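S.K.: A single structure is presented below for examination.
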Amino acid sequence: MAASTTSSGFKYASKLSNQRVLILGGTSGIGFAVAEASLEAGLLVTISSSSSSKLSAALDRLRSSPAYVPSNLFAATATTSSSSSSQPSLASGGIPRLTGFTCDLSDPSTVEQSLKHLLDQSTLDGRHKFDHVVFTAGDALSLNPISQITPAGFEKAAAVRFTAPLILAKLLALEDKYFSHSVFSSITFTGGTNTEKPSPGWSVVAAVGGALEGLVRGLAVDLKPTRVNLVSPGAVQTELFESFKEKGEQSLERVLEGFKKRTLTGTVGRPEDVAEAYLYFMRDRFVTGRVLGTDGGRILV
């Protein structure tokens, strides 16, 4: 979308209207908030997850959100077999407002095949390209002491958080098949503050994060004029905190208080606040190769 204003006449509020975004890891936490915010911004949203049940639940939640307003601009008939939840199909004659597909990123030996299948499905073999891609997918952090790390262990730690983003970028770069490469388009990855300020025992996590930040700068050069950036969140209260809640409310409160003391704001991040950083990277056509921290000032404490 090259025009400086949209058909609505709004210069800022509708800047992303009717553009397509793919959000990997969009079924929970920050990714879900980015999906919800993207719907509010008028984007056509596709989310992915390794879990079909989580995907189905997330699609239902998004459809019940005030941000989801079906329009006659989007196909509303037919369904896709890509998830267990009924949803409009790309093959039914238009671009649906909201779609979702499963994609497992955990196995380096199959991740390229999995990502290619996701992109083929979600773009109808390249006929409906994405304008923006957001990567918020993650897995359990590898917190083994450095004395215990092995090459295989490092490969596993990097599988979802570095290898998958790298292969995704490769596929997006190929022949412009899946992605509309221009200054109006963006790719946004997700890191974390432990790259810049690692806690004890986080050497491997910091190494993976540092590699990802380097990749972002390299991709900004290699994929120009497409903009490539990274959001670096601090502690954000997502579903990952449920494990502490299962141990009791007091355990959860202790964890939250510990995180609050390590910020200048005295708060723990909320997904809906951090999601704004991703929307910013989609909107600002003059930013690329940058890392944006949204951490309550943790780096300064």
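The values are calculated or read from the model by the stated rules, or taken from the named source; none is laboratory data. Just so you know, these numbers come straight off a predicted model, no measurement behind them. So basically every Cβ, Gly included, is an ideal-geometry build from the backbone, and we count neighbours across all protein chains shown.
S.K.: With a cut-off of at least 1 residues that are polar (S, T, N, Q), name the helices (runs of 4 or more DSSP H) lying wholly within region 102-180. Write out each step before concluding.
M.R.: Numbers: elements: 111-123, 151-158, 164-173.
Where helices (runs of 4 or more DSSP H) fall fully within region 102-180 and carry at least 1 residues being polar (S, T, N, Q), they are 111-123.
S.K.: Starting from region 187-205, take each residue that is within 14 Å of LEU141 (Cβ to Cβ) and touching a residue at least 24 places away in the same chain (Cβ under 8 Å) and list its partners that are surrounded by 22 or more Cβ atoms within 10 Å (Cβ to Cβ) and among the hydroxyl-bearing types (Ser, Thr, Tyr), counting only C-beta distances under 7 angstrom and pairs at least six apart or across chains.
M.R.: Every condition considered, the pairs that remain are THR190/THR136; GLY191/SER232; GLY192/SER232; THR193/SER232; THR195/SER232.
S.K.: Within region 26-39, which residues are assigned to a helix (DSSP H, G or I) and either closer than 17 Å to GLU239 by Cα or at pLDDT below 95 (or both)? Steps first, please.
M.R.: Applying the first criterion (assigned to a helix (DSSP H, G or I)) to region 26-39 yields 29-39.
GLY29, ILE30, GLY31, PHE32, ALA33, VAL34, ALA35, GLU36, listed by residue number.
S.K.: If I filter region 181-196 down to residues being out of contact with any Asp or Glu (no Cβ under 7 Å at 6 or more places or on another chain), among the small types (Gly, Ala, Ser) and part of a loop (DSSP other than H, G, I, E, B), which single residue comes out as surrounded by the most Cβ atoms within 10 Å (Cβ to Cβ)?
M.R.: GLY192
S.K.: I need a count of the residues in region 119-140 that are buried (at least 16 other Cβ atoms within 10 Å of the Cβ) and over 16 Å from the mean Cα position of the chain (by Cα).
M.R.: The first filter runs over region 119-140 and keeps only residues buried (at least 16 other Cβ atoms within 10 Å of the Cβ), leaving 119, 121-123, 128-138.
Narrowing further to those that are over 16 Å from the mean Cα position of the chain (by Cα): 121, 123, 128-129.
Total meeting the criteria: 4.
S.K.: With the checklist (1) exposed (fewer than 13 other Cβ atoms within 10 Å of the Cβ); (2) closer than 29 Å to LEU166 by Cβ; (3) in contact with a helix residue (DSSP H, G or I) (Cβ under 6 Å, 6 or more places away or on another chain) in hand, flag the one item PHE286 doesn't pass.
M.R.: Condition not satisfied by PHE286: (3).
S.K.: Could you give me the residue pairs with C-beta distances under 8 Å whose first residue belongs to region 94-111 and is more than 16 Å from LEU124 (Cα to Cα), whose second residue is hydroxyl-bearing (Ser, Thr, Tyr) and buried (at least 16 other Cβ atoms within 10 Å of the Cβ) wherever it lies, and which are 6+ apart or on separate chains?
M.R.: Note: pairs meeting the criteria are ASP104/SER50; ASP104/SER114; LEU105/SER50; LEU105/SER114; SER106/SER50; ASP107/SER114; PRO108/THR163; VAL111/THR163.
S.K.: Okay, next question. If only one of LYS170, LYS116 is modelled with pLDDT of 95 or more, farther than 25 Å from TYR280 by Cβ and in contact with a Leu (Cβ under 8 Å, 6 or more places away or on another chain), which one is it?
M.R.: Details: LYS170 fails: in contact with a Leu (Cβ under 8 Å, 6 or more places away or on another chain).
The unique qualifying residue is LYS116.
S.K.: Looking at region 6-18, can you tell me whether even one residue there is among the aliphatic types (A, V, I, L, M) and at pLDDT 95 or above?
M.R.: Initially, region 6-18 is screened for residues among the aliphatic types (A, V, I, L, M), giving 13, 16.
With at pLDDT 95 or above added as a condition, the list becomes 16.
Looking for residues that are among the aliphatic types (A, V, I, L, M) and at pLDDT 95 or above, one finds at least one in region 6-18, hence yes.
S.K.: Oh, and also: Which of the residues spanning region 49-86 are over 23 Å from PHE241 (Cβ atoms), at pLDDT 95 or above and in contact with a Phe, Trp or Tyr (Cβ under 8 Å, 6 or more places away or on another chain)?
M.R.: Within region 49-86, none qualify.
S.K.: Does SER199 qualify as being part of a loop (DSSP other than H, G, I, E, B), modelled with pLDDT of 95 or more and among the polar types (S, T, N, Q)? Spell out how you get there, then give the answer.
M.R.: Working: part of a loop (DSSP other than H, G, I, E, B): yes; modelled with pLDDT of 95 or more: no; among the polar types (S, T, N, Q): yes.
The answer is no for SER199.
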